[in-house]
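The values are calculated or read from the model by the stated rules, or taken from the named source; none is laboratory data. Predicted model only: the values in this text are computed from it and were never measured. Reconstructed Cβ throughout: ideal geometry from the backbone, glycine too, with neighbour counts over all protein chains shown.
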Amino acid sequence: MSHPTLRATSPASVDALAATVRAHHAAVQPMRFIGSGTWLQGGGPFVDATPVSLRGLAGIVEYTPGDLVITVGAGTTMRELSAITTEHGQMLALTPYGDTESTIGATIATASAAPLALDDLSVRDLVLGLTVITGTGAVTRVGGRVVKNVAGFDLVRLHTGAWGTLGAIAEVSLRLHAVPVHDVVLGGRLSAELGDAIPPLVANRAPIPMQVVLEPGEAPRLLARVSGNLARVDALRARLVQLGMQNPEALSPDDIAARRHTPDDAIVLRLRTALSDAVPFVRATRDAFPTASLTYSPHRGSLRVVLPTATSAGDAEDIMDGVTRALSTVARLATTFGASHAIAIALDQGRRQYPARTPLEAGIKRALDPDDLCNRVSAMDSAPAPLPV
Ligand SMILES: Cc1cc2nc3c(=O)[nH]c(=O)nc-3n(C[C@H](O)[C@H](O)[C@H](O)COP(=O)(O)OP(=O)(O)OC[C@H]3O[C@@H](n4cnc5c(N)ncnc54)[C@H](O)[C@@H]3O)c2cc1C
């Protein structure tokens, strides 16, 4: 039986989204899920497929301010979410890179890092539950709408960061925090060279979200977010001085917002390794990418590398060359330091060395999206890993 080609859609309810996915499943037609569409180039390379917009699924599903828990449609933007929670003196303690017009569903799908998130919380710390439509159109609810929820296999964490390849996220339940009385990002140069500056920061377990910023030709700087009542803010500030921050000064809201934006033609790499390798890892990465801006998180062991491309016009071939060179360097760093997590992201589609799925990942994909219709990744140059029998 032949099926008509399905067109772009923007379902406005979970049931309508499920029906859309079922229609694509019946027609064996791949889908490309879209939130606000600000970062479709990240994480790929994805094949062109029928767009399914999630923006129609916006707004509150359930909000109990007393429980600090909210459930919203996946198409709700970060700006809309903030407007809802601010009315109750609450916030989602996450300000991911990119725009406030980006959607919460995409932020979860891409597990987008939040620089200097309150208390260093990550996306996975804040997502309590999800409603996901699998590749066959089944509506699945994973996790819960409450903070205490006894779950077996942690499917919430599985979908967080799966880039929509295991289904469309339709609704999300999130843990909120009270807006702190004082909340400031302090910045200052580090008094010591990297080798002496980083170990005390890594060893410090005080709840201070921190980033070591390395700009080409400049001395290392430390940025840190301190929040709470005045006594706590003062104590944390004194602690930062002990840890080597010189003359801490508060960043302006514009400075903070600017740090969440990446130039359009830049190549962004996200790397991570063991905290015990922090110093050689950061040094080797800085030496390998002398023109890059580096941001190291001493608690998570993650390093964000922003590489300017060769031409300001962002010529596609130059970007491709840059990505290919960057990926081979990343592979070397991953081998040397056993980097557990090395994802290359470029604001261009041309990558050719996307890592093949592991047998476990392939098995999960087959269970949730047997026909590979959800955000299908294009054929890879490297041989895919063998599927488990
Ligand atoms: C300039 C720029 C720089 C960025 N830099 C970084 C960075 O350095 N580190 C980082 O972690 N993040 C980064 N991001 C990513 C950004 O923080 C988030 O991914 C953001 O939430 C994108 O929102 P969006 O709605 O526009 O997503 P879209 O562009 O619409 O989608 C992004 C991806 O998520 C998938 N997706 C969207 N909605 C859903 C859904 N409901 N269910 C399943 N899959 C879905 C899409 O298929 C696509 O693959 C950057 C974004 C921008 C614009």
Q: Could you tell me whether the stretch 247-264 includes any residue that is surrounded by 17 or more Cβ atoms within 10 Å (Cβ to Cβ), more than 24 Å from residue 304 (Cα to Cα), at pLDDT 90 or above and among the aliphatic types (A, V, I, L, M)?
A: no
Q: Can you run down the residue pairs with Cβ atoms below 8 Å, 6 or more apart or on separate chains, where the first is in the stretch 16-37 and in the same structural domain as residue 373 (by TED's automatic domain parsing) and assigned to a strand (DSSP E or B) and the partner is within 14 Å of the ligand (Cβ to nearest atom) and among the charged types (D, E, K, R)?
A: 32/48; 34/55
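Pick out, from the stretch 268-370, the strands (runs of 3 or more DSSP E) lying fully within it that include 1 or more residues that are hydroxyl-bearing (Ser, Thr, Tyr) and modelled with pLDDT of 70 or more. Even if it seems obvious, please write down each step before you answer.
On the way: elements: 293-297, 302-307, 341-346.
Strands (runs of 3 or more DSSP E) meeting the threshold: 293-297, 302-307.
Please pick out the residue among 193, 218 that is surrounded by fewer than 17 Cβ atoms within 10 Å (Cβ to Cβ), at pLDDT 90 or above and closer than 24 Å to residue 287 by Cβ. Before the answer, list the steps.
Details: 193 fails: at pLDDT 90 or above.
Exactly one of 193, 218 is surrounded by fewer than 17 Cβ atoms within 10 Å (Cβ to Cβ), at pLDDT 90 or above and closer than 24 Å to residue 287 by Cβ, namely 218.
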Q.
Go through the stretch 73-101 and report how many residues are within 12 Å of the ligand (Cβ to nearest atom) and of a type in the set (Gly, Ala, Ser).
A. 4
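Just checking, which of 132, 123, 127, 139 is more than 10 Å from the ligand (Cβ to nearest atom) and crowded, with 19+ Cβ neighbours inside 10 Å? Give the steps one after another, and end with the answer.
Values: 132 fails: more than 10 Å from the ligand (Cβ to nearest atom); 123 fails: more than 10 Å from the ligand (Cβ to nearest atom); 139 fails: crowded, with 19+ Cβ neighbours inside 10 Å.
Checking each option against the conditions leaves just 127.
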